[in-house]
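Only the coordinates and a few stated rules stand behind these numbers; no lab work does. Bear in mind that the values here come from a model prediction, so they are computed numbers and not experimental data. All Cβ positions, glycine included, derive from the backbone under ideal geometry; neighbour counts span all protein chains shown.
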Amino acid sequence: MTPVNPPAASNFSAQDKPDWSLYSTCIHCGLCLNHCPTHRVLGLEADSPRGRIYQILQVDEGRLPIEESFVTHIDRCLGCLACETACPSGVQYGHIVERARAQIEQHYQRPWLERFARDVMFKKVLRDFSVLARYARWLRFYQQSGLRWLARHTGILRLLGLGAKRHVRGAELSHGEQRYLEIGIALATDPEFLLLDEPTAGMSPQETQRTAAFVRKLAGHVTIVLVEHDMEVVMGISDRITVLNYGEVLAEGTSAEIRENADVRRVYLRD
């Protein structure tokens, strides 16, 4: 007989943990997905009711640790329970998530700044209407006074290297600076990723070097998809490269792998 591995111990403690009677009602039909605001915005299965139930089950069965990734997906749930009204099986999603959150508080230590912010918000602000009203007035002033706009945009201008020219009209900037400004406008929308289509086109060698260094610095703030024909720029700043030839993928890999690829050398490097 083939030995059967015993189930792993649950990563939840016994008290107030989600149990099989709650999990088993979910039939994974997916009717909840379009009713979940986080799934509609982020498009991730892990940020849907069905995906969260699956993750909670994996933690309960000892297959998934209670770590940052799991906590993030559970925290993103707004608790609106729109999924429950759409569920044909009557899954008590709210009970499952609330019990999972109780387990998180028992077994996961949040970063100190997050702990401090949550402590202030939940134990001081939300418990006292006068304190809540005062914070609301401060927040409203911050939004309407232009301080929020100033804080965001001066930070972007400094990142772009245009802080000293914040009062200069865009039309009076150099060609390279205008390209930086275009990137800044995109960054102001707080994108998840940034698509740059030939950002060094029409630039001098000096501007090209500066732009390449600038794009590399931006990669620490946002995911970047770069379309570029200047091989020196591509090789110098890219973590991973996909090479196309007449619309078809010719090669994919790191810059070192692309440099050694015979097809790429033949087509692009003329070796």
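Computed values, structure above
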quantity: The chain - mean residue ellipticity at 222 nm from DSSP helices (-39,500 (n - 2.57) per run, n ≥ 4, rounded to 500); calculated: -14500 deg cm²/dmol
quantity: Student exercise, the chain dipole from Lys, Arg, Asp, Glu Cβ charges, in Debye to nearest 20; calculated: 1400 debye
quantity: Dipole-positive endmost among S255, V168, V234 within the range 164-271 (Cβ charges, Cα centre); calculated: V168
quantity: For N245, residues with placed amide H under 5 Å, excluding near neighbours; calculated: L250
quantity: Potential extension, Y23-V227 segment - 0.36 nm per residue separation minus Cα distance; calculated: 68.9 nm
quantity: Answer label, with Rg and Dmax of the Cα atoms in Å calculated from the coordinates and candidates [x] 25.4, 80; [y] 20.4, 66; [z] 17.3, 51; calculated: [x]
quantity: Cysteines in the chain lacking a second Cys C-beta under 4.7 Å; calculated: C26, C29, C36, C77, C80, C87
quantity: Residues R158, R50, R110, sorted so that the one with the fewest Cβ neighbours within 10 Å comes first; calculated: R158, R110, R50
